[in-house]
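Take a look at the structure below.
The values are calculated or read from the model by the stated rules, or taken from the named source; none is laboratory data. This is a predicted model, so every value here is computed, not measured. Methodologically, a virtual Cβ is constructed for each residue, glycine included, from the backbone with ideal geometry; neighbour enumeration extends over all protein chains shown. Side chains included, ligands, DNA and RNA excluded: accessible areas come from the protein's heavy atoms. Shrake-Rupley method; radii C 1.70, N 1.55, O 1.52, S 1.80 Å.
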Amino acid sequence: EEVPDTGIPAASRKIASLSSPLRAIIRLRRRYRVQKKSRLHLELPREKPAEFVHTRLLQRQLSLNRTGLYGPSMSLFNQTGFESSQYFTFDTSVEQHVMKKCRRKKSRRKSRMVLYPDKTKRYLPTEEKSKAKRCLLLLMAIIFFQILNAIENLDDNLQKYDLDGLEKTMHREVFGQRVAVESTVELLKDYLATHIHNKPLVISLNGPTGVGKSHVGWLLAKHFRSVMASDFVLQYFVMHHCPSGAAPLTCEIDLSEKISDIVTRAEIEEKTPLFILDEVELMSPVLLDTLSRFFEPNQTNEFLNAIYILISNIGGGEITKFLIQNDSAELLRQHRGAEELVRIIQPVLSRVHPLWKSADIVPFVLLEKTHVINCFLEQMRREGLYPDQKHLEHLADQLGYYSTGDKQYSRTGCKQVVAKVNLQ
């Protein structure tokens, strides 16, 4: 018969009931450590020191003696597989190396993962836009619109003055002065592109008599009177407005008042006045000094916006001499030849008065016989006559010419064309 377990107190039974699970947990923990060590020793390097190999051989021999009951076949299998297997070691440095390696791999995997908080949308954070970049774009847009506005104003001014039509008219009615016409129109286009200037435009037309200087001045006056009111264009002829018997001081006051009045009215209406001064070589030094004061850059704004056309025969002798000696008509039809003529007559003009230092000089060359024939034809058409070619050549032969090689240059240009036509 079993004796009832009455002598065991209740407290000891409770301890026994708690100790059995603890012992089970301890056994599981020990088994986990053994398996972990067996898994770690598989990752040890194959190259081991000699002492470590000798110790492992002894341990292996002992294990073989204990497991000999399994038979020779099993022991042989273990012996053959010994060389290829790796075993646990108590070398903590190697274990730490392997653990660090595993941790490094885990940390790499974790670093590649992107963790998002729960209950939120998964998207990349928005980039913050710089305010400086917006200001830079705004500044570039402002500059672009200012440039566009300036280009539009340039086109508006050129269309307002119709300089293209002026150029066509001058090419059609001025003979033998293609370079001079192109230079004059180009200076006008550059100046009239805007209404704000730092100095007035001064163009000096110089050359021998009868080559078309006064005709160009007349065409300019006619054109600008058509595109603007006639109140903003002044044609000043020295022999008419200031004859030889007039006092220089009176002529100076009269010219100053006319220029000041026109400039003031033109500034109010935002227009550029045109002053055509013919026969400048006949002006007294007092009038030349008065003009030079208007040409200075240090003036009020209204006097800076003005165009002055100076027409004179000064330098005509030098141009004629250069043309006859060099016979360079082909050169003078190019801008390079015009620049060479400017270098020749610039010192001559500077000796007359310093005001020509601030002027753009446009030289006019001698006219050939063919150009004189065209002058006769144009004048007779204006009179309502339509002569034949032989009659035109007959009229042209009545004038004097400079003969250089196979070319003939008129001594008086088209100066006597009108008189010859009226006598027919």
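The table below gives the values:
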{"item": "Hits in the stretch 358-400 (condition: open to solvent by less than 40 Å² (accessible area, probe 1.4 Å) and either among the basic types (Lys, Arg) or under 30 Å from residue 304 (Cα atoms) (or both))", "result": "359, 361, 362, 363, 364"}
{"item": "Residues of the stretch 238-297 satisfying the condition of being of a type outside the set (S, T, N, Q), within 21 Å of residue 214 (Cα to Cα), without any contact (Cβ under 8 Å) to a residue 24 or more places away in the chain and not in a helix (DSSP H, G or I)", "result": "243"}
{"item": "Members of the stretch 256-266 found to be open to solvent by less than 60 Å² (accessible area, probe 1.4 Å) and out of contact with any strand residue (DSSP E or B) (no Cβ under 7 Å at 6 or more places or on another chain), listed by number", "result": "256, 260, 263, 266"}
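Here's the yes/no breakdown for (1) open to solvent by less than 40 Å² (accessible area, probe 1.4 Å); (2) in a loop (DSSP other than H, G, I, E, B); (3) hydroxyl-bearing (Ser, Thr, Tyr):
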{"site": "176", "(1), (2), (3)": "yes, yes, no"}
{"site": "179", "(1), (2), (3)": "yes, no, no"}
{"site": "191", "(1), (2), (3)": "yes, no, yes"}
{"site": "194", "(1), (2), (3)": "no, yes, yes"}
{"site": "199", "(1), (2), (3)": "no, yes, no"}
{"site": "202", "(1), (2), (3)": "yes, no, no"}
{"site": "208", "(1), (2), (3)": "yes, yes, no"}
{"site": "217", "(1), (2), (3)": "yes, no, no"}
{"site": "220", "(1), (2), (3)": "yes, no, no"}
